[in-house]
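This report refers to the structure that appears directly beneath it.
The values are calculated or read from the model by the stated rules, or taken from the named source; none is laboratory data. Everything numeric here is computed off the predicted structure, so don't read it as measured data. With ideal geometry, Cβ positions are generated from the backbone for all residues, glycine too; neighbour counts draw on all protein chains shown. Remember, those area values only see protein heavy atoms, side chains included, never the ligands or the DNA or RNA. Shrake-Rupley method; radii C 1.70, N 1.55, O 1.52, S 1.80 Å.
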Amino acid sequence: MLLARLPRAVLAATPLLAHAHSSSSKAAAPQPATLRVAVVQMLVGGDKAANLARCAGLLERACDGGAQLVVLPEVWNSPYAVDQFRAHAEPIAEPGSGGSDGPSVELLRRVARDRGVHIVGGSVPELGADGRVYNTAPVVAPDGSVVAKHRKVHLFDIDVPGRIRFFESETLAAGDEATVAPLPAALGGGALGVAICYDMRFAELAISMRAKGATVLVYPGAFNTVTGPPHYQLLARARALDAQAYVVAASPARNPESDYQAYGYSVVVDPWGAPVAAVDGHHEDVIFADLDLAKVDATRASMRLLDQRRPETYVPK
């Protein structure tokens, strides 16, 4: 088996590269007590129907590789642009409500049911019952049900003079809670913490997801070519250390025809902060990583960070 392609700088800094697989290697069955994750770095265009068709093919590719959990990137059904979110928004039913979903989530539900996999559906613009638009990540179980959805808590509002200005708050509303969805015992137990892109900059949210039981943190995120190179994989590794959990960060592929240039370089990081699989570039790809969830327990037992926190000292006096 070949190691997933990693940037040379990451290879030089990373002594531990266990359970890594590239999409070009022959798929192998996961070892016992592992969770096989497929990360989809997908090219997104302006045609919603074409995006859905492309996503369906990539989901099948991930399932053919033996994935038990598939993670899509942020805003995979729409251009990442403030003037496009409402135009591409669709309803996402509340988990367990039996309500109807739009075509993007219906696609995820069908594939999950047909292939028996968990899917973190990246994120899609959600048209809420309140009429507002949210950046929302649906979590779909193998029976096709939506078991959780995360509305992006921290909206991406930045202004780097001369380089990038982007304000999600011009068209999006923010969510207000940490999202955790349990994993079944058959997949090693534990739980998925789900957050989106700019949420990855906030350690408090990662720690909150860990406190709610998360052992794997999933961050669909369309980082850009300004903030991505210095921060994207660094933040993924930092949040893995904060939560002592696996981190799965899924980026869109870079579309040269888009006004917004995604960074790419999707990555999976283990609880010790070591990258174990990554896309070495901004092209479309599917990568696989087998997560040994016992490593989460071992890491947390060796350093009891959650028990040793002293939040009373973190507030200015």
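So if I take the alpha carbon set of segment 191-317, get Rg, then get Rh from the Kirkwood formula, what is the Rg over Rh ratio? Don't jump to the answer; show the numbers that get you there.
Numbers: Rg = 15.3 Å, Rh = 15.1 Å.
Looking at segment 191-317, the ratio lands at 1.01.
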Please name which of V70, G99, L172 has its Cα lying farthest along the dipole of segment 34-304 towards the positive end, using unit charges on Cβ (Lys, Arg +1; Asp, Glu -1) and the Cα centre as origin.
V70
Accessible-area value, S145, 1.4 Å probe, nucleic acids and ligands omitted, Å²:
40
Extension gain (nm, one decimal) between A186 and D297, 0.36 nm per residue minus Cα-Cα
38.3 nm
I want to check the label-to-label distance for I158 and E204. Put each point 7 Å from Cα in the C-beta direction and report it in nm to one decimal.
2.0
If you average 1/r over every pair of different alpha-carbon atoms in segment 34-304 and take one over that average, what Kirkwood value in Å do you get?
18.0
State the percentage of accessible surface on segment 34-304 attributable to carbon and sulfur atoms; use a 1.4 Å probe and exclude ligands, DNA and RNA.
52
Farthest toward the dipole's positive end in segment 153-251, which of A236, Y219, I207, given Cβ charges of +1 (Lys, Arg) and -1 (Asp, Glu) about the Cα centre?
A236
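Expressed as a rounded percentage, what relative contact order does the chain have, with Cα pairs under 8 Å and six or more residues apart?
Numbers: 780 pairs, mean separation 67.8, N = 317.
So the answer I get is 21 percent.
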At least 15 Å along the helix axis (C-alpha) and Kyte average at least 0.0, DSSP helices within the chain
48-64
Between segment 272-308 and segment 31-79, how many Å separate their Cα centres?
19
Using only alpha carbons, build the gyration tensor for segment 99-210 and give me the equivalent ellipsoid semi-axes, biggest first, whole Å.
27, 18, 12
Taking GluC sites (Glu not before Pro) as exposed when in a DSSP loop with at most 14 other Cβ atoms inside 10 Å, the chain has its longest clean stretch at 1-176
For segment 221-317, what does the accessible surface come to per residue with a 1.4 Å probe? Please give it in Å².
43
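Sum -39500 (n - 2.57) across every DSSP H segment of at least 4 residues in the chain, then divide by the residue count to get the 222 nm mean residue ellipticity, nearest 500.
On the way: 8 runs with 78 residues, N = 317.
Helix contribution divided over all residues of the chain: -7000 deg cm²/dmol.
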